[in-house]
Structures are given as structure tokens and as C-alpha cells.
Amino acid sequence: MTVATSSGLDADPYAGDGMPPRAITWRDLVWLTWREHRALIAGSVLVTAVASGVLLTFAAMLHHYGSCIAAGGPRIDACYSGYRVSSRNFADVLRAVIVLPALTGAFWGAPMLTRPLESGTLWLAFGQDLSPRRWLSAKITVLTAVLVLLALAVSGCCHIAVPTTHQSNEFGGGFDNKIFETGPFPFTGYVLVAFGLGIAVGALIRRTLPAVAIAGAGFFLIWYLLRILRPWYLPARTVTLGADDEWPRQLNSTWNFRHSYSSGPGTPFETITYQVPSHVHWLPLIEFCLCLTAAVVFASAALAIVGRRRA
């Protein structure tokens, strides 16, 4: 891969007239980023289109079965069966969607610096008034905008089917991690943090294959840590039930994330820790802010590394 520094014109408009070369503008850098990464962007758009088509197909199927169940009639048993099967398959698709941010870090972020470093063409990009940090900042800005649009497209298609699918037993009532993680805020945050992590890993390791592997595995580590922290973003509540107590109906619409049991005379039978519905609505925004902060830290670290090595 080569890194160009011209604006894409075959000849410098100032060449041969005794005037200095014109300064490289942000418009030039946007064009150069597109020229260098157009194959990756086109491939990602194609993957997004296919994934969106699959998700919209499931949305149509679930809507059909839901309408059939609501209408009743002799086919209601077949509709229930089809709805359950489609819900399970849709749940598997949502599990697969969470792999997309890891691929973003591995194939968008990690090779951004490692490929020109391995080929020795990275520093050819820096001449005239183009600094390493400005070059990398432009690429990060342009590609981040593209990734945000793709992430919103996928997460939007995921949630078209949620209003009906959420009623299925496959999705656990009041809260489900799969639905949460494929929402617009969390999913976009995952894409950004994976992208930033890939860039930082590439700047540190400077070898493509190790950086790709570490970036992909690193995202899943971050994703797992977020799952552990998620129940505690906001203060949780606790209720205790005796052996003869009825299950409180209000808990059917909450996120019950911890259950503990005890036995013996005079002791509570069950202790439940939960987040109330009003808290659950804030959790996606909190998780997005955490991911965005981590992404900015990773990108800033990569910019600092590139600038220091050039110096």
C-alpha cells in the first residue's frame, strides 16, 4: 500500500511557475483517505447491506407471525410455532451481529498504521506541510464518520423487530443483553472503541497479523468487562422474599440481574437485585459515553506514538 500526498491531480498546479507547492487542505486529505480505503469502505457497505437485509427479513417474519397470532383462528398453533422458531433464529443473528465491531477493530483499525509501516511508505506521506498527526487525524475523522453511519444502519435494522420479539420468551421479559448491545448507542460505541483500539494496537506493535489478532481479542475483553459493569452503572435496588411470598408483579418489567437464595428458619428465601425501568433507559447512553471515552483515549495514544516516532 502506498500513501499519497498530492490532492489527486496528476500535475501540481504550481509546478514550473516558480511558486511553491500549494498547501494540502482537509478536502485533499478526505479525498486521499477515500482513495486509499475505498475498497474497504465498499466491502463494508456490502456487508452492512447483506446484514440489514437479513435483519429486515426476520422483522417481516416476526411481524407476520405476530399478526397471525393476534388474529387467532385455526392456524394459531402453527403461527405460535413459527414465531418461536423465528425468535430463536433472530436471537442467534443478534449474537452474530456483535462480532462486527471486533471485525472493525481488526480490519479497519489495526492495519491503518501497520501496513504502511511494514512497507516503509508511511514516512513518505510526510512532507511539505503534512505532519504525521494531521495525516492520521484526517484518516480517523473520515473513517469514523463512515463507521458511525454503518453502525447506525445495522443497529436500526436490529431494532425494527424488537417491539414484537421482545415479548418472546427467548428474550427474557424486561431486559435482554442482546437487544441492549445491538441498540444504536451501545453498538455505535462498540464500533468506535474497537476502531480506536485497533489503531492504538497497530501503532504499538507495528506488525499487521499480531495487531489484527490482538485488536479483535481486545474488543471482546472490553465487551466482557462492560457486561460485568453494566448492572452497576446506576444504583440498584434489592428486594427480599420469604418462602411463602408471591412474586411481585413489578419485577416482571425490571432488569433482575442478581438472585441469591438462602434456607433455614427465619431467613429470607430469595434476594433479588434489580434496575428499575427508568434506570434501564439511561444505560445505553452511559455505555456509549464509556466506549466513546475509551475510543478517544486509544486514538490520542496512537497520535502521540506516531508523532513521537517521527520526531
- Task: Using the 2.2 N^0.38 Å rule of thumb for compact globular proteins, work out how segment 201-311 stacks up: its C-alpha Rg over that value, please.
- Result: 1.65
- Taking the Cβ of each residue in Asp244, Asp77, Asp176 as the centre, tally the other Cβ atoms inside 10 Å and list the residues starting with the fewest. Asp244, Asp77, Asp176
- Task: Pop out the ³J(HN,Hα) list for segment 52-60 in order, Karplus 6.51 cos²θ - 1.76 cosθ + 1.60 with θ = phi - 60°, rounded to Hz; leave Gly and Pro as x.
- Result: 5, x, 5, 5, 5, 5, 5, 4, 5
- If you plug each phi of segment 286-292 into the Karplus form 6.51 cos²θ - 1.76 cosθ + 1.60 with θ = phi - 60°, what whole-Hz ³J(HN,Hα) values come out, in order, with x for Gly and Pro? 4, 5, 4, 4, 4, 5, 5
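No lab work stands behind these numbers, since they all come straight from the coordinates. As the structure is a computational prediction, the values presented were derived from the model and not from experiment. For neighbour counting, all protein chains shown are included, and Cβ atoms are generated from backbone atoms with ideal geometry for every residue, glycine included.
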